[in-house]
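Okay, structure first, notes after.
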2 protein chains.
Amino acid sequence: MQTLTVELEDRSYPINIGAGLLNQHSLLQAALPARDILLVSNTIVAPLYAPAVRAALADRRVVEVIVSDGEQAKTLATLGRVIDVLVANRFGRDALVLALGGGVIGDLAGFAAACYQRGIDFVQVPTTLLAQVDSSVGGKTAVNHPGGKNLIGAFHQPREVLTDTDVLKTLPVRELQAGLAEVIKYGLICDRAFFEWLEQNIDALKRQEPAALSHAIFRSCQIKAQIVGRDERELGERALLNLGHTFGHAIEAATGYTEWLHGEAVGVGLLIAAAMSVRIGTLPAADLARVESLLKRAGLRTGAPQIGAATAARFMSIDKKVKSGRVRLVLLDAIGRARISADYADDALDATLRERFGA
Amino acid sequence: MQTLTVELEDRSYPINIGAGLLNQHSLLQAALPARDILLVSNTIVAPLYAPAVRAALADRRVVEVIVSDGEQAKTLATLGRVIDVLVANRFGRDALVLALGGGVIGDLAGFAAACYQRGIDFVQVPTTLLAQVDSSVGGKTAVNHPGGKNLIGAFHQPREVLTDTDVLKTLPVRELQAGLAEVIKYGLICDRAFFEWLEQNIDALKRQEPAALSHAIFRSCQIKAQIVGRDERELGERALLNLGHTFGHAIEAATGYTEWLHGEAVGVGLLIAAAMSVRIGTLPAADLARVESLLKRAGLRTGAPQIGAATAARFMSIDKKVKSGRVRLVLLDAIGRARISADYADDALDATLRERFGA
């Protein structure tokens, strides 16, 4: 087991990464030091892993909320259901919420923990690659609004993250590939050597070779933990982690959060960010080709849905990256060097959107 | 104008108290430094004071959300409506929420600001005595759940509080009296001299004599600001501010949040807390009589609704003051000295509840 710490003063917490962690009863018992535990999971993950968690916590009161699989569970209505269960069981401020699932479950359960009684503890047990490398780390919680993703939420740090790499064995290939988009993102943002390591090891990752997978997860979490530790509430640098996300969120919203996995949309978003960077002259065209090639080898989609540039722009404008009416974009100066910019030519953005989303 | 500061490091903010503040355009403009402003108010207050606010902010984009008057507006559904308006107007992270109203409006608007895009700024302009002395200060925001009050919320500090004492002239007498319950609470918790000042000035306060009112509001805010500054998230001392509230919340919840004003329920709650303190022998019986007398002179109810001790106990147990299954009570050692206790005789609580709520 490897342990990283997200350094946030009194909100610091460990991320434990290793194979078979869910079968270590003492580890679960120590991570979940509460009498009353609300286990939030979905219909796919709960049958697979809730029994192991329940076995480790046999002496606690564990109540389950099982929601449907997929992004459609991230609504204010579902949040209300989770809160209803907390209230119905008279859970107090010392109760704990356990998120057992992917990013949707972590975001939903984390937000429920953030606002129930103005904040109770929660623990993340991420079961998708995407959640393991991204959404379980950093305390962003939220539900969606019909007008845009993650528009209702809170910063609420977990007290611990338990990442069992063995659970990826039951993850559908499509989901694993979606997670790789976020891994590639970290290389693009700030670690060219990691990007090159990914170019060399992408096939091993797709085959789920344990050593490669462990390294990719650990390095991804390490990069994210460092950035979050310096800028918890996204006042500056943390926005770099949104590389590909403003475009990706537009894809997800325009297609109703059902056709595209988040990671798939982010993958295309990375490509569009790179294309825009080439268009404004900061990124060499050859690097765009490398990004596209790596995404393809990871099994990810590279063509955006043909929703039209105007629709894409509309969904981008409600994204949280808007400041003073202008969308801030994360763009690339190089592979391994991203920057936040509101100072780009509108023409270049329009042309990029038309090229990728259709006129 | 008098100014107090709530000292919370990077979340510190001023409370400005004075007569006629809402007519000072420059004050409102400085307090609300955003292009896009969501004004949240209710059907009673908006016609009275929204025009003055709009006049001061003529150069901004001010969008209004007007909800019904009363506690029934504090629901997850109404929160959804407020968020819908923020989204529909494409308000970004730099938008600002202005709460113009009493405690319900402040709690609802503040929680909307807390969770929209994971937190945007908000400003409180409290228009009831209760909001001016209590709910506008300290950053507690929330909506209610059918199972209990304020069960869904956040700690989210305003960037400024503007308290115009002139607005109390349009406040119904019953609401003014309800606010006095919270004022009396501050004396009971930690300031015997202030309690005695209230005994001498209660009639002047009921007549709304400006000097008396200003002093009562300033001293109340000062006490609250000091306590909140030392314990923002209610890990300890801040719970003292809940004196009377666990009993009061049970009254409000058991009567559906409609028959009792919050302050009225708190007033009875103060009396029950004092009665319980007499029963366990920490408070002299003569002090209970003084509390009852002051509440009566303030025009407040002193008889609890006859909902029965069992019902009262049930509603108390879902209140947020529960820890490890036991209700923590705020009790009195003297007038001017409260303490938090989970270490009381259950028999004494049962007897107190039977005496006050009926068998």
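Quick notes on this structure:
- Among the candidates A:Phe315, A:Phe247, residue that is farther than 30 Å from A:Leu4 by Cα, surrounded by 21 or more Cβ atoms within 10 Å (Cβ to Cβ), within 18 Å of the chain's Cα centre (by Cα) and not aliphatic (A, V, I, L, M): A:Phe247
- Residue within segment A:134-146 that is part of a helix (DSSP H, G or I) and in contact with a strand residue (DSSP E or B) (Cβ under 8 Å, 6 or more places away or on another chain) present: yes
- When residues in segment A:72-82 are screened for being more than 10 Å from chain B (Cβ to nearest Cβ) and either without any contact (Cβ under 8 Å) to a residue 40 or more places away in the chain or closer than 15 Å to A:Thr141 by Cα (or both), 5 of them pass.
- Elements of type helices (runs of 4 or more DSSP H) contained in segment B:206-285, each with 2 or more residues being out of contact with any Gly (no Cβ under 6 Å at 6 or more places or on another chain) and modelled with pLDDT under 95: B:210-230, B:245-254
- Among the residues listed as B:Ala113, B:Ala142, the single one being surrounded by 22 or more Cβ atoms within 10 Å (Cβ to Cβ), within 11 Å of chain A (Cβ to nearest Cβ) and within 26 Å of B:Glu234 (Cα to Cα): B:Ala142
- Residue in segment A:275-292 that is surrounded by 19 or more Cβ atoms within 10 Å (Cβ to Cβ) and within 14 Å of chain B (Cβ to nearest Cβ) present: no
- Condition check for A:Asp36: at pLDDT 95 or above and either among the acidic types (Asp, Glu) or not assigned by TED's automatic domain parsing to the domain that holds A:Val143 (or both): yes
- Top-ranked residue of segment A:83-104 - restricted to ones that are of a type outside the set (A, V, I, L, M, F, W, C), in contact (Cβ under 8 Å) with a residue 40 or more places away in the chain and in contact with a Lys or Arg (Cβ under 7 Å, 6 or more places away or on another chain), ranked as nearest to the other protein chains (Cβ to nearest Cβ): A:Gly92
- Checklist (1) polar (S, T, N, Q); (2) under 29 Å from A:Ala142 (Cβ atoms); (3) touching a residue at least 40 places away in the same chain (Cβ under 8 Å) applied to A:Thr282, failing item: (2)
- Filter result (closer than 20 Å to A:Ala31 by Cα and part of a loop (DSSP other than H, G, I, E, B)) within segment A:147-174: A:His156, A:Gln157, A:Pro158, A:Arg159
- Taken together, B:Asp134, B:Asp107 contain a single residue that is of a type in the set (Asp, Glu), within 14 Å of another protein chain (Cβ to nearest Cβ) and crowded, with 24+ Cβ neighbours inside 10 Å, which is B:Asp107.
- When segment B:161-174 is limited to residues that are surrounded by fewer than 20 Cβ atoms within 10 Å (Cβ to Cβ) and either charged (D, E, K, R) or within 14 Å of chain A (Cβ to nearest Cβ) (or both), the one that is farthest from B:Thr255 (Cα to Cα) turns out to be B:Asp166.
- Evaluation of A:Asn242 against the conditions (1) buried (at least 19 other Cβ atoms within 10 Å of the Cβ); (2) within 19 Å of A:His156 (Cα to Cα); (3) more than 14 Å from chain B (Cβ to nearest Cβ) shows that the sole unmet condition is (3).
- Of the residues making up segment A:227-269, those that are within 25 Å of A:Ala298 (Cα to Cα) and in contact with a strand residue (DSSP E or B) (Cβ under 7 Å, 6 or more places away or on another chain) are A:Ala239, A:Leu240, A:Asn242, A:Leu243, A:Thr246, A:His249, A:Glu252, A:Ala253, A:Tyr257.
The values are calculated or read from the model by the stated rules, or taken from the named source; none is laboratory data. This one's a predicted model, so the numbers in the text were calculated from it and none came from an experiment. Note: ideal-geometry Cβ built from the backbone for every residue, glycine included; neighbour counts use all protein chains shown.
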